[in-house]
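Undergrad: This is the structure I want to talk about, given as structure tokens.
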Amino acid sequence: MKNSILTFVSLLFVLSLNAQKRNEINPDLLTEEWTAKWITHPEIAGEEAGVFLFKKVLTFEVAPQEYIINLSADNRYILYINGKVVARGPARSDLNRWLFETINIASYLKQGENHIAAKVWNMGQLKPAAQMSYETGLIVQGNTEKEKAINTDKSWRVTVDKAYSFYKIAHLKRYYASGPGEMFIGNLHPWNWEMSDEYSTWEHAQEGTNGATLKSLSGTGRLGKRMLFPRSIPMMEAKLQTFAAVRRTVGIKNAEGLIIGDKVVKIPANTTAKILLDQGHLTNAYPQLIYSKGANGTIKITYAESLFIPKDGEPTFDKGNRDVVEGKVMWGNSDVIEPDGGDNRYFEPLWWRCFRYVELEITTKDEPLVLEQFKSEFTAYPLSLKSEFKCDNPQLNRIFDVAWRTQRLCAGETFFDCPYYEQLQYTGDTRIQGLITAYTSGDTLLWKDAILDYYDSRLPFGLTQSRYPSSSPQIIATFSLVWITMVSDYMMHCKDDEFIQKMIPSILEILNWYDERVESNGMLGKLESWLFVDWVDEWQTGYPPLTKEKQYSSVIGLQYVYTIQKALAIFDAYGMPGVKKQWAQKAQITQKAILDNCWDEEKQMLADTPDKETFSQHANILAVLTNSYNTEKQKELIKRILSDKEISQTSYYFDFYKVEAMKKVGLGDMYVKTLSPLSNLIDNGLTTFPEKADPTRSDCHAWSASPAYYFFSLVCGIEPATPGFKTVRIEPHLGDLEWVEGTVPHRLGEIKINLEQKKNKKITGTITLPKGLEGTFVGNGKSLKLKSGVKKMLH
């Protein structure tokens, strides 16, 4: 069937592209203006919404053995060659770093005529918030002289695909920024356009400016509207998948054949029917529906992470057990198809959808509708699980699997906070995601790309944007601090000195922005921006408590100190002793001011402000992470805030920092016992970890996947001891576990542990380090040197 063919072709293409090398790009294209031009439709302004079909036919006497092209589009494209899907792109970025793909398309070309086609769309004002844009356009540049025939110019033809229109998803009553729903009217679509000769009647494309990279600037140095840069990450994974079950039907008795593919599903004329499908777990995918007949009817496809419990006929935010569908209603984003009555019609939305449940709501008119097959093509950044975690507690193994799926669904062309509602790369999530990818896959390309995205987002006054790429700028000043800690994490785990050094001026700009707002008493004064720290029920929109003058937060002040301390390690690593001394003194001043003004003797903990009216785990966690007290006092402080349920508690996001503090004071063995809420989530049918405890908006949120990091860095105890992960420190925290096995990828090979904990809490087993890596084992009350190879641990 057509969708199987398209998926298979896409998968083959992804595998071949991942083997491509950056050096396939003709270096001249990075330093000289391209001969290819940006092209568009001659009758549009460029900013309006629409779908545009571009076409050119090339003829070869002999099929080429190599034919490398470089291409990009605005907003996005799908490239077809001879009717086959070859690529989707470009990877999301901004106008000053607009990415292009480099592809060897020779395997798709043949002797004789070859149809080169590109579907390009612009979602206009309804585009996803993560999508930046200048105006509709396509550019294809042959890599060398032998491929110049494919260059985009006015010889290309273009038409508007009037079948498509977009509508705003506005009914979900929660912040939604992932883009519009699609309306597809079948009788307006030029079916088989990818291979049809009708393109010769289309308009000639309108030429715009030549493609340009930053290094190609000359003359007066005027920047282009989009500065082209090579794609820095691999193409997305593509994998065909089927639904697990039909969970409910209305107006039709049997629809199993729709997902099995062995029998068509016929919807009689003048009928209304519903079919509820269950993927079995949350996924990101391109739904692919093959259908016939049904002229003038409608097929509405609605996608949801979960069904909702209604009240008075309307959905509430209560989802209950995610496995249960009885007594619940569908509520989500959707696409609408109006069939034209033809046979073997194929619909796939332009952009992927996030879903566990999908409902087909069908209305037929005078002609029956035949549903032939409904599948989907999974899409995500091609992370490969190269780590391994096993232990004697099956609950932890189950938690790891769910955390890994959460991480996978929050990683595409960028990291994103959640795949359903926003698909935006937020700094708070990204710090955790970067660490997870390093430990689980060893692939740090997306992590590096994210750090660069935030670097590119800098504003004239020094702060990074809170989420980027984004067409809707937003400032969360606390997230600029998180970006600095992310750079510190990257420095510790990756050997990439030139890149890290490039970040240092921006680190200083952010710290200076904060320094300018330190009041005479040493505490931070009023800060302009959204001051999000955590989703806490008592805190309005994530703001920690402030004084009446909107200042003097011990939480944000200590986050500032914590960040400076992370930055000091960067200054030290790159030979900046004067800068290190200067900022160490500034940190000490603010730290002392907070401790002097906010410590409460009666409660024996730090208050959120000098008013001492509210208290939180957050302030005290950050006090510990900044070494504000002696070791024993910090340990008692953590015990105190863990047992005091009257103070503001951390959510899944800030649990990441709470666990870091527990480890710092020697309470890392408590971590395993804190995981029961995550087990409860799995028992409640969640297949990914949510934004916060129920009632939650998002069922899949990146910052909640931190167990996929802590299982390796804390339970297995594997951490870099020096920048660039040149040496390793292994200090396991098994808690009540009897044994644990762990494997972590390292650029020199694999770090492996196989440990057993005796009843007396002594640890035995083996540790294996790859050639060239040395380190230290801390445990059993002593410290042991580790060298490359296998080390037996005897208590």
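The values are calculated or read from the model by the stated rules, or taken from the named source; none is laboratory data. Computed from a predicted model, the values in this text were never measured in an experiment. As a convention, Cβ positions derive from the backbone with ideal geometry for all residues, glycine included, and neighbour counts pool all protein chains shown.
Undergrad: Is it fair to say GLY224 is surrounded by 20 or more Cβ atoms within 10 Å (Cβ to Cβ), out of contact with any Pro (no Cβ under 6 Å at 6 or more places or on another chain) and in a loop (DSSP other than H, G, I, E, B)?
TA: Working: surrounded by 20 or more Cβ atoms within 10 Å (Cβ to Cβ): yes; out of contact with any Pro (no Cβ under 6 Å at 6 or more places or on another chain): yes; in a loop (DSSP other than H, G, I, E, B): yes.
It is true that GLY224 is surrounded by 20 or more Cβ atoms within 10 Å (Cβ to Cβ), out of contact with any Pro (no Cβ under 6 Å at 6 or more places or on another chain) and in a loop (DSSP other than H, G, I, E, B).
Undergrad: Take LYS635 and decide whether it is more than 27 Å from PHE415 (Cβ to Cβ), surrounded by fewer than 22 Cβ atoms within 10 Å (Cβ to Cβ) and basic (Lys, Arg).
TA: yes
Undergrad: Hey, another quick one. Please count how many residues of region 619-649 are outside any helix (DSSP H, G or I), under 24 Å from ALA593 (Cβ atoms) and in contact with a helix residue (DSSP H, G or I) (Cβ under 8 Å, 6 or more places away or on another chain).
TA: Count: 6.
Undergrad: Within region 540-549, is there a residue that is modelled with pLDDT under 95, assigned by TED's automatic domain parsing to the domain that holds TRP599 and among the basic types (Lys, Arg)?
TA: Checked region 540-549: at least one residue is modelled with pLDDT under 95, assigned by TED's automatic domain parsing to the domain that holds TRP599 and among the basic types (Lys, Arg).
Undergrad: In region 726-747, which residues are touching a Phe, Trp or Tyr at 6+ places or on another chain (Cβ under 6 Å), farther than 15 Å from ASN780 by Cβ and hydrophobic (A, V, I, L, M, F, W, C)?
TA: VAL744
Undergrad: Tally time: how many residues in region 659-669 are more than 17 Å from GLN433 (Cα to Cα) and in a helix (DSSP H, G or I)? Break it down stepwise before answering.
TA: First pass over region 659-669, keeping only residues more than 17 Å from GLN433 (Cα to Cα): 661-669.
After this cut, where a residue has to be in a helix (DSSP H, G or I) as well, the list is 661-664, 668-669.
Final tally of qualifying residues: 6.
Undergrad: Would you mind stating whether ALA117 is in contact (Cβ under 8 Å) with a residue 24 or more places away in the chain and part of a strand (DSSP E or B)?
TA: yes
Undergrad: Sticking with this one: Is it the case that THR298 is farther than 29 Å from ALA87 by Cα, modelled with pLDDT under 95 and β-branched (Val, Ile, Thr)?
TA: no
Undergrad: Check region 522-541 and report whether any residue there is among the polar types (S, T, N, Q), surrounded by 17 or more Cβ atoms within 10 Å (Cβ to Cβ) and assigned to a helix (DSSP H, G or I).
TA: no
Undergrad: Tell me, please, whether a residue that is in the same structural domain as ALA130 (by TED's automatic domain parsing), in contact with a Gly (Cβ under 9 Å, 6 or more places away or on another chain) and surrounded by 19 or more Cβ atoms within 10 Å (Cβ to Cβ) can be found in region 197-207.
TA: For region 197-207, residues in the same structural domain as ALA130 (by TED's automatic domain parsing), in contact with a Gly (Cβ under 9 Å, 6 or more places away or on another chain) and surrounded by 19 or more Cβ atoms within 10 Å (Cβ to Cβ): absent.
Undergrad: Next question, about the same structure. Output yes when any residue across region 614-634 is under 17 Å from SER553 (Cα atoms), among the hydrophobic types (A, V, I, L, M, F, W, C) and without any contact (Cβ under 8 Å) to a residue 40 or more places away in the chain, and no when none is.
TA: Yes, there is a match, as at least one residue in region 614-634 is under 17 Å from SER553 (Cα atoms), among the hydrophobic types (A, V, I, L, M, F, W, C) and without any contact (Cβ under 8 Å) to a residue 40 or more places away in the chain.
Undergrad: Name every residue in region 732-749 that is free of Cβ contacts under 8 Å to residues at least 60 places away in the same chain and either touching a Lys or Arg at 6+ places or on another chain (Cβ under 9 Å) or of a type in the set (S, T, N, Q) (or both), in order of residue number.
TA: Passing the criteria: LEU748, GLY749.
Undergrad: For region 474-527, how many residues are free of Cβ contacts under 8 Å to residues at least 24 places away in the same chain and in contact with a Ser or Thr (Cβ under 7 Å, 6 or more places away or on another chain)?
TA: Going through region 474-527 one residue at a time, the tally reaches 0.
Undergrad: Next question, about the same structure. Residues in region 454-474: is at least one part of a helix (DSSP H, G or I) and within 16 Å of the chain's Cα centre (by Cα)?
TA: The answer is yes; a qualifying residue exists.
Undergrad: May I pose another question? I'm checking my understanding of the structure. Among residues of region 47-68 that are among the aliphatic types (A, V, I, L, M) and either in a strand (DSSP E or B) or without any contact (Cβ under 8 Å) to a residue 24 or more places away in the chain (or both), which one is surrounded by the fewest Cβ atoms within 10 Å (Cβ to Cβ)? Don't jump to the end; show me each part of the working.
TA: So the first thing to find is which residues in region 47-68 are among the aliphatic types (A, V, I, L, M), and the list is 49, 51, 53, 57-58, 62-63, 68.
Now drop any that are not either in a strand (DSSP E or B) or without any contact (Cβ under 8 Å) to a residue 24 or more places away in the chain (or both), which leaves 51, 53, 57-58, 68.
Details: VAL51: 22, LEU53: 22, VAL57: 13, LEU58: 16, ILE68: 21.
Ranking the candidates gives VAL57 first.
Undergrad: If we keep just the residues of region 228-263 that are in a strand (DSSP E or B) and in contact with a Gly (Cβ under 8 Å, 6 or more places away or on another chain), which is farthest from MET330 (Cα to Cα)? So that I can check it myself, show each step before the final result.
TA: First, pick out the residues of region 228-263 that are in a strand (DSSP E or B): 228-230, 237-241, 245-250.
Filter once more, keeping what is in contact with a Gly (Cβ under 8 Å, 6 or more places away or on another chain): 228, 245.
Working: LEU228: 42, ALA245: 16 Å.
Across region 228-263, the extreme among qualifying residues is LEU228.
Undergrad: Being surrounded by 24 or more Cβ atoms within 10 Å (Cβ to Cβ), more than 11 Å from the chain's Cα centre (by Cα), touching a residue at least 40 places away in the same chain (Cβ under 8 Å) and farther than 17 Å from MET236 by Cα is the requirement here; does TYR426 meet it?
TA: The answer is no for TYR426.
Undergrad: Name the residue, out of GLY685, GLY666, that is under 18 Å from LYS635 (Cα atoms) and of a type outside the set (Asp, Glu).
TA: On the way: GLY685 fails: under 18 Å from LYS635 (Cα atoms).
Result of the check over GLY685, GLY666: GLY666.
Undergrad: Looking only at region 165-175, decide whether some residue is crowded, with 21+ Cβ neighbours inside 10 Å and either in a helix (DSSP H, G or I) or hydroxyl-bearing (Ser, Thr, Tyr) (or both).
TA: no
Undergrad: Go through (1) out of contact with any helix residue (DSSP H, G or I) (no Cβ under 7 Å at 6 or more places or on another chain); (2) within 18 Å of HIS281 (Cα to Cα) for ASP318 and report which single condition fails.
TA: (2)
Undergrad: Would you call THR283 surrounded by 23 or more Cβ atoms within 10 Å (Cβ to Cβ), hydroxyl-bearing (Ser, Thr, Tyr) and either within 30 Å of LEU452 (Cα to Cα) or without any contact (Cβ under 8 Å) to a residue 12 or more places away in the chain (or both)?
TA: Working: surrounded by 23 or more Cβ atoms within 10 Å (Cβ to Cβ): yes; hydroxyl-bearing (Ser, Thr, Tyr): yes; either within 30 Å of LEU452 (Cα to Cα) or without any contact (Cβ under 8 Å) to a residue 12 or more places away in the chain (or both): yes.
Answer is yes for this residue.
Undergrad: Next question. Given the criterion outside any strand (DSSP E or B) and assigned by TED's automatic domain parsing to the domain that holds TYR357, identify the matching residue among LYS319, LYS300, LYS274.
TA: Numbers: LYS300 fails: outside any strand (DSSP E or B); LYS274 fails: outside any strand (DSSP E or B).
Going through LYS319, LYS300, LYS274 in turn, just one is outside any strand (DSSP E or B) and assigned by TED's automatic domain parsing to the domain that holds TYR357: LYS319.
Undergrad: Sticking with this structure for a sec: Could you please let me know if ASN620 is in the same structural domain as SER648 (by TED's automatic domain parsing), under 35 Å from the mean Cα position of the chain (by Cα) and on the phi > 0 side of the Ramachandran plot?
TA: It is false that ASN620 is in the same structural domain as SER648 (by TED's automatic domain parsing), under 35 Å from the mean Cα position of the chain (by Cα) and on the phi > 0 side of the Ramachandran plot.
Undergrad: Can I ask one more? Among the residues of region 181-204, is any touching a Pro at 6+ places or on another chain (Cβ under 8 Å), in contact (Cβ under 8 Å) with a residue 24 or more places away in the chain and under 30 Å from ALA63 (Cα atoms)?
TA: Yes.
Undergrad: Scanning for something in a helix (DSSP H, G or I), without any contact (Cβ under 8 Å) to a residue 40 or more places away in the chain and under 26 Å from the mean Cα position of the chain (by Cα), does region 385-404 turn up at least one residue?
TA: Within region 385-404, one or more residues are in a helix (DSSP H, G or I), without any contact (Cβ under 8 Å) to a residue 40 or more places away in the chain and under 26 Å from the mean Cα position of the chain (by Cα).
Undergrad: If we keep just the residues of region 319-346 that are among the hydrophobic types (A, V, I, L, M, F, W, C) and over 26 Å from the mean Cα position of the chain (by Cα), which is nearest to THR406 (Cα to Cα)?
TA: VAL324
Undergrad: Ok, one more. Taking LEU371, is it modelled with pLDDT of 95 or more, hydrophobic (A, V, I, L, M, F, W, C), assigned by TED's automatic domain parsing to the domain that holds SER292 and touching a helix residue (DSSP H, G or I) at 6+ places or on another chain (Cβ under 7 Å)? Break it down stepwise before answering.
TA: Details: modelled with pLDDT of 95 or more: yes; hydrophobic (A, V, I, L, M, F, W, C): yes; assigned by TED's automatic domain parsing to the domain that holds SER292: yes; touching a helix residue (DSSP H, G or I) at 6+ places or on another chain (Cβ under 7 Å): yes.
In short, yes.
Undergrad: Let me ask you something else. Of the conditions (1) free of Cβ contacts under 8 Å to residues at least 12 places away in the same chain; (2) surrounded by 15 or more Cβ atoms within 10 Å (Cβ to Cβ); (3) not assigned by TED's automatic domain parsing to the domain that holds LEU396, TRP599 fails just one. Which one is it?
TA: Evaluating TRP599 over (1) free of Cβ contacts under 8 Å to residues at least 12 places away in the same chain; (2) surrounded by 15 or more Cβ atoms within 10 Å (Cβ to Cβ); (3) not assigned by TED's automatic domain parsing to the domain that holds LEU396 leaves (3) as the failure.
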